[in-house]
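Take a look at the structure set out below.
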Amino acid sequence: MGSWHPECPERLDAINDHLLASGVLPLLHADDSPRPATEDDVLRVHTHAHVEGLKRLSPATGYAAIDGDTSMNSRTLTAAFEAAGAGIAAVDAVMRGEAATAFCSVRPPGHHAESGRAMGFCFFNNIAIAAAHALANHGLSRVAIVDFDVHHGNGTEEIFYDDPRVMMCSFYQHPFYPNLRQEGYREHMVNIPVDAYTTGAELRQVVSDVWVPRLNEFAPELLLVSAGFDAHREDEMGQLGMVESDYAWITEQLLQVADRSAKGRIVSMLEGGYNLSALGRSVVAHVRALSKL
């Protein structure tokens, strides 16, 4: 989106570098070229007008502004289809038993993208596309999405607000971007606003007291994670107090949920995380836990 922008290519470089330096990378199976999502995949959660609008806005050169902090270049739409395709490939892998868990190191992120609107660095809602694919193609009736990004996953909430097959659990800093919530109450939407400077210990309490009981009651057949790492205390994008050990602990709790009802199946997809060192270290902790290393 431009050299000044925090959602930069160096984010994925930092993740790869830390996974390699930690010794974790050689222990993982990597798929570097999953097929892009098709338009039919995307249209399960997005409107036709949204997809066509992004096509029209996609520039041959330079940048096209979507909102004040989101823009497209000539390769953005290709990258967005590929990021969504990675989630689909990961769902297929865990559902076929080819992997127990998967982490998708992708950009652009997705959880702010609503059914008819791109915003907040997001064009297609990757995690929602993955969930809809799982429901449509793998005979599932209950999928859970957990979101621990510092920002509220407004797009994911909007897309599945009236679909009780998908439970969403999140915490997020409030008041903070994007300050968008659906009106009314839904049993399957468990989104917990927290104050700035909430500590990792306090967020663990939210997970153990609220998320885990609700998830166990819902008994998901597949668990998906919107893995944003901008709640880290070193990340200036937000003001929450998580550290690497908190991400590892939360991941371990989710593994226990998945082991109970989902045959251990978890697919995690990168969302935010903009301090490159904290991002890389946190992904290592998350992936170590996911892989039970």
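The values are calculated or read from the model by the stated rules, or taken from the named source; none is laboratory data. A quick note: this is a predicted structure, and the numbers were derived from the prediction, not measured. Every residue, glycine among them, receives a Cβ derived from its backbone with ideal geometry; neighbour counts consider all protein chains shown.
Some values worked out for this structure:
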read-out: Number of the exception - residue 265 against (1) of a type outside the set (A, V, I, L, M, F, W, C); (2) under 17 Å from the mean Cα position of the chain (by Cα); (3) at pLDDT below 95; value: (3)
read-out: Residue within segment 279-293 that is modelled with pLDDT under 95 and on the phi < 0 side of the Ramachandran plot present; value: yes
read-out: Subset of segment 152-187 [crowded, with 20+ Cβ neighbours inside 10 Å and aliphatic (A, V, I, L, M)]; value: 159, 166, 167, 168
read-out: Subset of segment 163-184 [over 23 Å from residue 257 (Cβ atoms) and of a type outside the set (Gly, Ala, Ser)]; value: 173, 174, 175, 176, 177, 178, 179, 180, 181, 182, 183
read-out: Qualifying residue in segment 195-217 (condition: of a type outside the set (Asp, Glu), under 12 Å from the mean Cα position of the chain (by Cα) and closer than 27 Å to residue 243 by Cα); value: no
read-out: So residue 97, is it on the phi > 0 side of the Ramachandran plot and surrounded by fewer than 18 Cβ atoms within 10 Å (Cβ to Cβ); value: yes
read-out: From the options 86, 80, residue that is buried (at least 18 other Cβ atoms within 10 Å of the Cβ) and either touching a Phe, Trp or Tyr at 6+ places or on another chain (Cβ under 9 Å) or of a type in the set (S, T, N, Q) (or both); value: 80
read-out: Residue list for segment 1-21, filter: at pLDDT 95 or above and farther than 16 Å from residue 273 by Cβ; value: 20, 21
read-out: Subset of segment 266-293 (residues that are under 16 Å from residue 226 (Cβ atoms) and charged (D, E, K, R)); value: 271
read-out: Count of segment 254-274 residues which are surrounded by fewer than 20 Cβ atoms within 10 Å (Cβ to Cβ) and in a loop (DSSP other than H, G, I, E, B); value: 2
read-out: Those residues of segment 42-53 which are out of contact with any helix residue (DSSP H, G or I) (no Cβ under 6 Å at 6 or more places or on another chain) and not β-branched (Val, Ile, Thr), in sequence order; value: 43, 46, 48, 49, 50, 52, 53
read-out: Within segment 235-253, considering residues that are more than 13 Å from residue 272 (Cβ to Cβ), free of Cβ contacts under 8 Å to residues at least 60 places away in the same chain and not hydrophobic (A, V, I, L, M, F, W, C), the one surrounded by the most Cβ atoms within 10 Å (Cβ to Cβ); value: 251
read-out: Members of segment 188-213 that are loosely packed, with under 14 Cβ neighbours inside 10 Å and among the hydrophobic types (A, V, I, L, M, F, W, C); value: 196, 201
read-out: Pairs where the first residue, in segment 258-280, is under 15 Å from residue 142 (Cβ atoms) and the second is of a type in the set (Asp, Glu), C-beta under 6 Å, 6+ apart; value: 262/221
read-out: Where residue 215 falls short, out of the listed (1) within 22 Å of residue 139 (Cα to Cα); (2) out of contact with any Lys or Arg (no Cβ under 8 Å at 6 or more places or on another chain); (3) among the aliphatic types (A, V, I, L, M); (4) part of a strand (DSSP E or B); value: (4)
read-out: Candidate set: segment 31-56, residues that are modelled with pLDDT of 95 or more and of a type in the set (Gly, Ala, Ser); chosen: the one surrounded by the fewest Cβ atoms within 10 Å (Cβ to Cβ); value: 49
read-out: Those residues of segment 152-201 which are farther than 18 Å from residue 115 by Cα, assigned to a loop (DSSP other than H, G, I, E, B) and in contact with a helix residue (DSSP H, G or I) (Cβ under 8 Å, 6 or more places away or on another chain), in sequence order; value: 188
